[in-house]
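Read the structure below first, then the notes.
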Amino acid sequence: MNGFLEYVPGTSLMHRLNPIVKLLGAIVFAVACFFSSNLVFLACMLVLALAMAASCGMMKPTIGLMKAVFAFSLLLAIIQILFTPSGDALVVLPWGYIGTGSLIAALTTVVRLEAAAIPLFLTFYVTKVSDMTNAAVKVLHVPYKYAFTFSLTVHFIPVFLNDMKGIMESQTARGVEFDQVGIIKKIGLIMPLCVPLLVSSVRKTNSAAIAAEVRGFNLRTRASGFKQYPFAAFDVVALLAVVALLVVAIIL
Amino acid sequence: MTIEFRDVHASYNADIPILKGVSFTVEDGEFVAFVGTNGAGKSTTMRLVNGLLKPESGEVLVDGVPTTQLKTSELARRVGFLFQNPDNQICCNTVREELLFSFRALGALDAEAERRVDEIIAEFAFNPDDDPFLLNRGTRQLLALASTIVVAPPVIVLDEPTTGLDFRECVKVMDIIRHLHENGTTVIMVCHDMEVVADFAERVIVMSDGCVVDQGPTFEVLRNRHTLKAANLVPPQIVDISLGLNMMRPDLEGTLVATANTLNEMELAIATAVGKPEAASSVPTYAPTAPGAEDALVEGGAR
Ligand SMILES: Nc1ncnc2c1ncn2[C@@H]1O[C@H](COP(=O)(O)OP(=O)(O)OP(=O)(O)O)[C@@H](O)[C@H]1O
Ligand SMILES: [Mg+2]
């Protein structure tokens, strides 16, 4: 059982990479995707991203993610097709035309978003959030407070999703129908849904803050972490590889 | 209104089956308790009763109609549901609004509803203008209970209504439930407190690992240590004590202290042994041994 963005234990190469390499690598990978508009290169990036997902056995969440990203990028793609005429005209519209160029541009958008998103999401599935923050504090000298805020935020996503589910069940049992259509009716759902969620989140954050406080949160420094995050040869290779990809993206 | 489960299989995701063929019937006006260890599938069963979860195979019939054919609001009108966490349903600024919201959710807000709400407020001795979020845990639970029963559903499902309450609040909640039951409401309750089960339920259904392993009148289920043990449960102390007394008979120079075939008889057994041993001779002489009764003294002593 694991939820959205929740760590899945494993021993694959991806799991064993240095957390910093994973995080930076994913970011550089995404940047590379946005630097290039070469469809062939982007397709290669997508294949590479999928290979990474397969190598750590994360195909199932990845496919779920791809569906979500596809829905979003399709929206962008449709706008692109309709409003950025380029290439040979295929269909004439009152305000312009749909051209071969528009279709390619739209396809590029879809592939680019998919390729850029996968490694970022993958990072969360193969890295413990605590490792990510600890490494950020140790290696990158990020102040612990900020690193912790980040990890807590990620940590709370499944918690709040779960709360949300409980609240929806409770209200459904009272007869509130969540499959309402129409804006006015949807607004009516704010009260039964958002008020309990808000109250429980405020309660939770409050008690989390107190719990952190009594455990000496303020005393924690960079030196407090026991675990070391040394770079192995493989980490360096991986980092160089993504940087190389970025260089290729810039050249192309 | 009857609730019937026919060989129900259910799960949250297809890989892990949770309920593995559950069948039972709750008759109109009954008070049934579900017991079982953590994760036995009691809450899942309750979710099926009011259609929050639909069966994968088999049927859940509410008043003869499968839950798959009923809309959320139609089901909500038939089956009231009290979850363990009252904070999930409290969403209004005052106690009165909260109670009125129950009617609004069902689309039944009218003058009659307002009258009902005032009645309930008086019955529960609430302050109508209190902020629900500032009430203490027990009162919030009572408010959640009140907003469930204010719309007078013919069936009420309670998932651990007394967990986390102190004894006094627990008795308060259970008294209200008993009162409802006496007025004809069908009550289905999940409860970990065996004493509460022994005191209130007419019938007990024991669940273990997604299956019903035993069901029957409360005293018969609770005195059967073999099935309870199989489900990893311990009977309430009153059963232990009276079964223990049953076992001690030979020590009392062969005098029969009492039988322990019903909860009332168990109480009598204790009273007789402790208070007035001379009454013991008036108790019938036949006393079948409860299954596994020999464990009662051992476990009771260890406690
Ligand atoms: N929303 C859910 N998604 C997936 N699995 C769940 C979900 N809710 C419960 N389960 C699983 O279903 C099984 C039965 O859970 P259920 O809540 O029905 O048990 P229960 O008898 O009510 O236990 P408890 O006494 O702890 O309340 C458990 O193994 C639990 O992990
Ligand atoms: Mg439960």
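Eigenvalues of the alpha-carbon gyration tensor of the protein assembly as shown, scaled by 5 and square-rooted, set the equivalent ellipsoid semi-axes at 58, 31, 23 angstrom, largest first. Ordered from longest to shortest, the equivalent ellipsoid semi-axes for the range B:1-89 are 18, 17, 14 Å, each the square root of 5 times a Cα gyration tensor eigenvalue. Near residue A:57, once Lys and Arg are set to +1 and Asp and Glu to -1 for all other residues with Cβ below 15 Å from its Cβ, the sum equals +1. With a 1.4 Å probe rolled over the protein heavy atoms of all chains, the accessible area of A:226, A:121, A:41 falls in the order A:226, A:121, A:41, largest first.
Summing +1 for each Lys or Arg and -1 for each Asp or Glu among the other residues whose beta-carbon sits under 12 angstrom from that of residue B:69 gives -1. Computed about the Cα centre, the dipole magnitude for the protein assembly as shown is approximately 2920 debye when only Lys and Arg (+1) and Asp and Glu (-1) carry charge, each at its Cβ.
Taking Lys and Arg as +1 and Asp and Glu as -1, the other residues whose beta-carbon sits under 14 Å from that of residue B:145 total -2.
Here's the picture: charge each Lys and Arg Cβ at +1 and each Asp and Glu Cβ at -1 in the range B:1-129, and of B:14, B:103, B:76 the one pushed furthest to the positive end of that dipole is B:14. The spacing between the range A:27-67 and the range A:84-161, judged by their C-alpha centroids, is 10 Å.
Suppose accessible area is computed on protein heavy atoms with a 1.4 Å probe; arrange B:9, A:155 from highest to lowest. Please report the intermediate quantities before stating the final value.
Values: B:9 65, A:155 120 Å².
Final ranking, largest accessible area leading: A:155, B:9.
Within the range B:3-230, antiparallel bridges make up roughly 55 percent of the DSSP beta bridges whose residues both belong there. Antiparallel beta bridges, as assigned by DSSP with both residues in the range B:1-132, represent about 100 percent of the total such bridges.
The simple Förster model, with R0 at 51 Å and r as the Cβ-Cβ distance, assigns residue B:168 and residue A:91 a FRET efficiency of 0.10.
Among the protein heavy atoms, those of residue A:133 account for about 10 Å² of accessible surface (1.4 Å probe, every chain in place). When the pairs A:204/A:227; A:128/B:71; A:204/B:42; A:67/A:138; B:42/B:172; A:165/B:172 are compared against a 32 Å limit on Cα-Cα distance, A:128/B:71; A:67/A:138 fall above it. At what distance in angstrom do the alpha carbon centres of the range B:1-72 and the range A:200-235 lie from each other? Using only Cα atoms, the two centres lie 43 Å from each other. Taking 7 Å steps out from each Cα toward its Cβ at residue A:83 and residue A:224 produces label points 4.9 nm apart.
Counting only DSSP beta bridges whose two residues both lie in the protein assembly as shown, roughly 60 percent are antiparallel.
Which number comes out as Rg/Rh for the range B:73-213 once both Rg and the Kirkwood Rh are worked out on C-alpha atoms?
That ratio is 0.96, to two decimals.
Just to be sure I understand: with springs between alpha-carbon atoms less than 10 Å apart, which residue in A:192, A:119, A:85 has the highest mean-square fluctuation in the Gaussian network model of chain A? Looking only at A:192, A:119, A:85, the biggest GNM fluctuation is shown by A:192.
The values are calculated or read from the model by the stated rules, or taken from the named source; none is laboratory data. Since this is a predicted model, take the numbers as computed values, not measurements. So basically every Cβ, Gly included, is an ideal-geometry build from the backbone, and we count neighbours across all protein chains shown. Each accessible area value is taken on the protein alone, full model and side chains, heavy atoms only, with ligands, DNA and RNA left out. Shrake-Rupley method; radii C 1.70, N 1.55, O 1.52, S 1.80 Å.
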